[in-house]
Amino acid sequence: MAAVDSFSFLLREIGQACSCVIETLAFIGAFYIMKTSLTVASNTYSLIRLYFIPRLVSRPDLVKLYGRWAAVTGCTSGIGKSYAKELACHGVNVVLISRNKEMLEALAKDIEDSYKVETEVVVADFSRGRQVYPAIKKALLGKETGILVNNVGVFYDHPDYFANLTEDKIWDLININIGAANMMVHMVLPGMVQRKKGAIVNVSSMSSYHPSPRMTAYSASKAYLDHFSQSLYYEYAPQGIFVQCLCPAFVCTNMSKYSPTLSKKSLLVPSADEYAHQAIATLGLSRRTPGYSLHSIQGFFAQIIPEWLWVRGMSRLGSF
């Protein structure tokens, strides 16, 4: 009889312990579901606020908000070229900075004829380091540069292992992807602070979200821009300066020409014009965004998936 009572007591104790564990797991599950639901709701709200509401209201006056002139680097093709046109479409004069003189002059003429704004061209090869900046500084002197778009960047010829990169390519990644943004911001920021208004747009990449093998140095340079932008925002937002980091996924530009799939325009790989049209609408609204509605959905999943899954996908990128 005593053995039966002991067994019954043991069963009750086990039942109570299991019940406690089940309740704890249920609480954790409920918390996770609530957190995920709030994240989904927040991202849905951001999508609507950034990409749909701007279509229903009048376009912002960028000249009034930030200033009469914008400077755009890396603007003879791709996102930089399209973003420069979008700025001109908003009535902003544009300083076009890139290394190809003929393409710069052709773009300047196109912008002036199409949008009736002023332009100025500056030939600058950012891979040459600090020696290019005096000419840029001279061109910007006396202009109310209210918007700076740091778009210039360099990628690998194709995704590859770090040890296979040439020393020249590594220095290009440092001088162009990192150095140019730092120096350009340092050049225009004092004037923005003095006027208590301005906007800085740094074009990063979604590859900065997680470690990205086979584009190690590139993604690291873009992660630098991401953190650089966020820190600048907190430093200078109180002084009226808006700093934005754009983190797009793949856009149909020269950077994706290594891939037969990614070099073709599709639903998830927009043209540079489509991308810039949506991205400029987020200026002043979001300090960190992919800049394109479907990329924002991709970005949401990119941030919640396990790192190992992201790494596996990036490792296979060269076969796309």
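The values are calculated or read from the model by the stated rules, or taken from the named source; none is laboratory data. Here the structure is a predicted model, which is why all the values come from computation and not from measurement. Neighbour counts run over all protein chains shown; Cβ positions are idealised from the backbone, glycine included. Surface areas here come from the heavy atoms of the whole protein model, side chains and all, with no ligands, DNA or RNA. Shrake-Rupley method; radii C 1.70, N 1.55, O 1.52, S 1.80 Å.
Can you confirm whether GLY179 is in contact with a Gly (Cβ under 8 Å, 6 or more places away or on another chain) and on the phi < 0 side of the Ramachandran plot?
Yes.
Could you look through region 215-274, keep only residues that are of a type in the set (Lys, Arg) and exposed (fewer than 15 other Cβ atoms within 10 Å of the Cβ), and pick out the one that is modelled with the highest pLDDT?
My answer is LYS265.
Scan region 70-83 and tell me whether some residue there is more than 25 Å from TYR292 (Cβ to Cβ), touching a residue at least 40 places away in the same chain (Cβ under 8 Å) and not in a helix (DSSP H, G or I).
no
Any idea which of (1) assigned to a loop (DSSP other than H, G, I, E, B); (2) of a type in the set (A, V, I, L, M, F, W, C); (3) open to solvent by 40 Å² or more (accessible area, probe 1.4 Å) is the one VAL154 doesn't satisfy?
(3)
When region 165-180 is examined, which residues are found to be of a type in the set (S, T, N, Q) and either open to solvent by 20 Å² or more (accessible area, probe 1.4 Å) or free of Cβ contacts under 8 Å to residues at least 40 places away in the same chain (or both)?
Selection gives THR166, ASN175.
Considering each residue of region 49-90, count those that are modelled with pLDDT under 85 and of a type in the set (A, V, I, L, M, F, W, C), and give that number.
5
Every residue in region 234-261 that is touching a strand residue (DSSP E or B) at 6+ places or on another chain (Cβ under 8 Å) and assigned to a loop (DSSP other than H, G, I, E, B), please.
Result: GLY240, CYS247, PRO248, VAL251.
Can you name every residue in region 117-149 that is in a loop (DSSP other than H, G, I, E, B) and in contact (Cβ under 8 Å) with a residue 12 or more places away in the chain?
Of everything in region 117-149, those that are in a loop (DSSP other than H, G, I, E, B) and in contact (Cβ under 8 Å) with a residue 12 or more places away in the chain turn out to be VAL117, GLU118, ALA124, ASP125, LYS143, GLU144.
What number of residues within region 266-311 are assigned to a helix (DSSP H, G or I) and touching a Ser or Thr at 6+ places or on another chain (Cβ under 6 Å)?
Matching residues across region 266-311 total 3.
Going by the conditions given, is SER207 of a type in the set (S, T, N, Q), crowded, with 22+ Cβ neighbours inside 10 Å and in contact (Cβ under 8 Å) with a residue 60 or more places away in the chain?
Judged against the criteria, SER207 is a match.
I need a count of the residues in region 181-203 that are open to solvent by 40 Å² or more (accessible area, probe 1.4 Å) and part of a strand (DSSP E or B).
Qualifying residue count, region 181-203: 0.
Going by what's in this entry, would ALA279 be described as closer than 26 Å to LEU87 by Cα, small (Gly, Ala, Ser), out of contact with any Lys or Arg (no Cβ under 6 Å at 6 or more places or on another chain) and surrounded by fewer than 18 Cβ atoms within 10 Å (Cβ to Cβ)?
In short, no.
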